[in-house]
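Colleague: Provided herewith is a single structure, encoded as structure tokens, for subsequent inquiry.
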Amino acid sequence: MDIKKYCKEIKREFDSGSAREHAYRTALKNLLEEDRLILAINEPGGISWGSPDFECKYKGLAFGYIECKDLNKDIEYSKLGSGDKEQRDRYLEHTKTLLCTNYNRFILYKNNKIVFDTTLFNNELKLVKGKDKDLEDLLNEFIYSAPIQIESADVLAERLAQKAKIITKSIEEDLNQNGENSDLYDLYKDFEEKLISKLEYKDFA
């Protein structure tokens with residue numbers, strides 16, 4: 001994914017001095033549709049429970065929704081107004097996969113729980129080092145939750161590689177955050193003691 005291109009497009013719109021929330025949607029749509037199997041529909045109709053800004057589909061089947069706010073709007077749940085809180089609660093009640101964003105911060109919900117939360121820019125709207133990779137991981141988790149039919153060995157290999165990246169990051173983060181309290185710590189120690197001495201968490205993952 002060309003996250004850096006996305007960042008440049010967002011900053012260009014912001015620097016115009018007159019951009020409103022809709023001005024940033026093209027950059028997000030283009031980023032999502034780099035995987036040509038995915039269609040991100042801007043302002044979809046026919047959804048009984050609300051009006052999410054994007055409906056994401058694979059072969060006509062919706063797998064996730066995106067709610068967008070303006071670039072400077074705080075999307076932390078506790079900071080939302082009553083109307084926006086009601087909206088998010090309603091969306092989470094009706095969909096398993098919801099991505100909330102202000103084009104800078106991205107919060108991914110799965111089954112009503114936050115599974116990824118990352119912010120791209122600093123206060124000067126410059127990309128923070130390493131955050132492009134974090135956003136790529138988040139979007140892979142979002143996109144590759146789609147129920148895609150495996151039609152060839154190449155598609156299978158690509159899907160497995162993407163899933164492997166997500167699992168690797170999750171294992172490393174769990175060990176870094178929880179250490180000896182991680183459910184994986186005993187397995188990590190077995191590897192370190194029996195196979196590879198001085199094994200680091202990232203290598204184990």
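Colleague: Take the residues in segment 141-164 that are at pLDDT below 70 and touching a helix residue (DSSP H, G or I) at 6+ places or on another chain (Cβ under 9 Å); name whichever of them is surrounded by the most Cβ atoms within 10 Å (Cβ to Cβ).
Modeller: I148
Colleague: Another question, then. Quick one: is L71 among the hydrophobic types (A, V, I, L, M, F, W, C), closer than 18 Å to T118 by Cα and in a helix (DSSP H, G or I)?
Modeller: No: the conditions fail for L71.
Colleague: Ok, one more. Of the residues L139, L99, L108, only one is in a helix (DSSP H, G or I) and within 11 Å of the chain's Cα centre (by Cα); which?
Modeller: Sole residue among the options that is in a helix (DSSP H, G or I) and within 11 Å of the chain's Cα centre (by Cα): L139.
Colleague: Within segment 82-94, identify whether any single residue is touching a residue at least 60 places away in the same chain (Cβ under 8 Å) and touching a helix residue (DSSP H, G or I) at 6+ places or on another chain (Cβ under 7 Å), and answer yes or no.
Modeller: no
Colleague: Six or more apart or on different chains, Cβ atoms under 6 Å: show the pairs whose first residue is in segment 170-199 and among the β-branched types (V, I, T) and whose second is surrounded by 13 or more Cβ atoms within 10 Å (Cβ to Cβ).
Modeller: Note: pairs meeting the criteria are I171/A205.
Colleague: Ok, one more. Restricting to segment 54-97, and then to whatever is of a type in the set (F, W, Y) and over 16 Å from N42 (Cα atoms), can you tell me which residue is surrounded by the fewest Cβ atoms within 10 Å (Cβ to Cβ)?
Modeller: Checked segment 54-97; the qualifying residue surrounded by the fewest Cβ atoms within 10 Å (Cβ to Cβ) is Y77.
Colleague: Now a separate question. Name the pairs: first residue in segment 119-141 and of a type in the set (K, R), second residue in a strand (DSSP E or B), Cβ to Cβ under 7 Å, at least 6 apart or on different chains?
Modeller: Between residues of segment 119-141 that are of a type in the set (K, R) and residues that are in a strand (DSSP E or B), the close pairs are K131/T118; K131/T119.
Colleague: If you don't mind, another one. Those residues that are surrounded by 11 or more Cβ atoms within 10 Å (Cβ to Cβ) and outside any helix (DSSP H, G or I), I need them from segment 177-205; list them, please.
Modeller: S182, L184, I196, L199, E200, A205
Colleague: On to the next question. Restricting the search to segment 1-29, which residues are modelled with pLDDT of 95 or more and under 20 Å from Y58 (Cα atoms)?
Modeller: Hits for segment 1-29 are R25, T26, A27, L28, K29.
Colleague: Could you give me the residue pairs with C-beta distances under 6 Å whose first residue belongs to segment 10-28 and is in the same structural domain as N42 (by TED's automatic domain parsing) and closer than 26 Å to I38 by Cα, whose second residue is among the charged types (D, E, K, R) and surrounded by 12 or more Cβ atoms within 10 Å (Cβ to Cβ) wherever it lies, and which are 6+ apart or on separate chains?
Modeller: Going by the 6 Å Cβ cut-off, the qualifying pairs are E21/D70; A23/E13; Y24/E13; A27/E9.
The values are calculated or read from the model by the stated rules, or taken from the named source; none is laboratory data. Computed from a prediction, not measured in an experiment: that's the story for all the values here. We place every Cβ from the backbone using ideal geometry, glycine too, and count neighbours over all the protein chains shown.
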